[in-house]
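This report concerns only the one structure given below.
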Amino acid sequence: MDRVKQAESEFSAAEEKITDKTTLADASEQSNSAAVALEFAWLRLFAAEAAETHLHAVADPVQLTVPLPR
C-alpha cells in the first residue's frame, strides 16, 4: 500500500506541474507517465493480495466433505 500512496502522490505532483505554459506533448508525457506508474502500483498490490489469498486457501483448505447421516 505504501507504493500506491507514493504513486498517488507522484501523480498529484505531476498534475500540479502542468500549467497553461506546458506544451501538450510535455503535459501528456508527465501525466501519462505518472498515471501508468500509479496503475502498475495498484496492479502489484492486487497481485500480491491475490497471491496471499491463494496461499491461505492452499494452507487452510475448506472441508468439502459432508458427514453422512447415521
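The values are calculated or read from the model by the stated rules, or taken from the named source; none is laboratory data. Not measured: the values here are computed from a predicted model. Please note: Cβ atoms are built from the backbone with ideal geometry, for glycine as well, and neighbour counts cover all protein chains shown.
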Next item on the list: Only residues in the range 35-50 that are over 10 Å from Val4 (Cβ atoms) count as the first member; pair them with residues that are aromatic (Phe, Trp, Tyr) and not in a helix (DSSP H, G or I), Cβ under 8 angstrom, at least 6 apart or cross-chain, and list the lot.
Entry: none
Next item on the list: Among what's in the range 1-16 and is surrounded by fewer than 13 Cβ atoms within 10 Å (Cβ to Cβ) and part of a helix (DSSP H, G or I), pick the residue that is modelled with the lowest pLDDT.
Entry: Asp2
